[in-house]
1. Among the residues in the range 105-125, are any at pLDDT 95 or above, touching a Leu at 6+ places or on another chain (Cβ under 8 Å) and small (Gly, Ala, Ser)?
2. Taking the range 146-191 on its own, how many of its residues are open to solvent by 70 Å² or more (accessible area, probe 1.4 Å) and among the basic types (Lys, Arg)?
3. Could you tell me whether residue 67 is in contact (Cβ under 8 Å) with a residue 40 or more places away in the chain, among the β-branched types (Val, Ile, Thr) and in contact with a helix residue (DSSP H, G or I) (Cβ under 8 Å, 6 or more places away or on another chain)?
4. Residues that are among the β-branched types (Val, Ile, Thr): list the helices (runs of 4 or more DSSP H) wholly contained in the range 1-85 that include at least 2 such residues.
5. Checking residue 113 against (1) within 24 Å of residue 163 (Cα to Cα); (2) surrounded by fewer than 22 Cβ atoms within 10 Å (Cβ to Cβ); (3) of a type outside the set (Gly, Ala, Ser), only one condition comes out false. Which one?
6. So in the range 1-46, with the set limited to residues that are within 20 Å of residue 86 (Cβ to Cβ) and surrounded by fewer than 17 Cβ atoms within 10 Å (Cβ to Cβ), which one is farthest from the chain's Cα centre (by Cα)?
Amino acid sequence: MSEEEILAEFRAADALLEGHFVLSSGLHSPRYLQCARVLMDPVRASRLASALAASMPREVRSAIEIVVSPAMGGVIAGHEMGRALGVEAVFVERPTGTFELRRGFRLKPRQKVLLMEDVVTTGLSSREAIKAVEEAGGEVIAAAALVDRSNGEADLGVPFFPLVRIAVPTYEADKLPQDLAAIPAEKPGSRKAA
């Protein structure tokens, strides 16, 4: 899929929002990508995951033994990536604030893992999820996401393969442009913002 075809999928799902948003990272932005809206259509979710899988280097794809994603936002994206790659997909969650495998999910020692996200902004959730995978005995060999909105700055410590990169401005709470500060903030993300 071309970048324009990918963005058309987001537009068709009303997933590209305009306003004042506090992201999961605590940063503020005038735009928000609501990947849950794109992923609510199983056909669209499958199409996007298949396009992402196809864009990854063959040697990476063939080495992946399981997909792990952080709950909640990454669960559907991870499941669809597992389907696209023909491997199982599980997720980590934070019942007490720290990611961990639950629900009987286990990783084999040194099992080759693809960490799958819906959106990466700062990479914090990804790094926390990678740590949980390593603590569970897995080896994250790569990470992927439907959207990289970090402006290419997120360092996950492993090769990172986004389907699309979208540059969306972000601001610290005390450094908001006047026009953005004048709009009430919404918190659509997956974590309480700082």
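1. Checked against the condition, which is being at pLDDT 95 or above, touching a Leu at 6+ places or on another chain (Cβ under 8 Å) and small (Gly, Ala, Ser), the range 105-125 yields no hits at all.
2. Result for the range 146-191: 3.
3. Details: in contact (Cβ under 8 Å) with a residue 40 or more places away in the chain: yes; among the β-branched types (Val, Ile, Thr): yes; in contact with a helix residue (DSSP H, G or I) (Cβ under 8 Å, 6 or more places away or on another chain): yes.
Yes; evaluated as a whole, the condition is true for this residue.
4. Result: 74-85.
5. (2)
6. 43
The values are calculated or read from the model by the stated rules, or taken from the named source; none is laboratory data. These numbers were taken from a predicted model, which means no experiment stands behind them. A quick note on method: Cβ atoms are made from the backbone with ideal geometry, for glycine too, and the neighbour counts reach across all protein chains shown. Note: accessible area is taken over every heavy atom of the protein model, side chains too, but ligands, DNA and RNA are not part of it. Shrake-Rupley method; radii C 1.70, N 1.55, O 1.52, S 1.80 Å.
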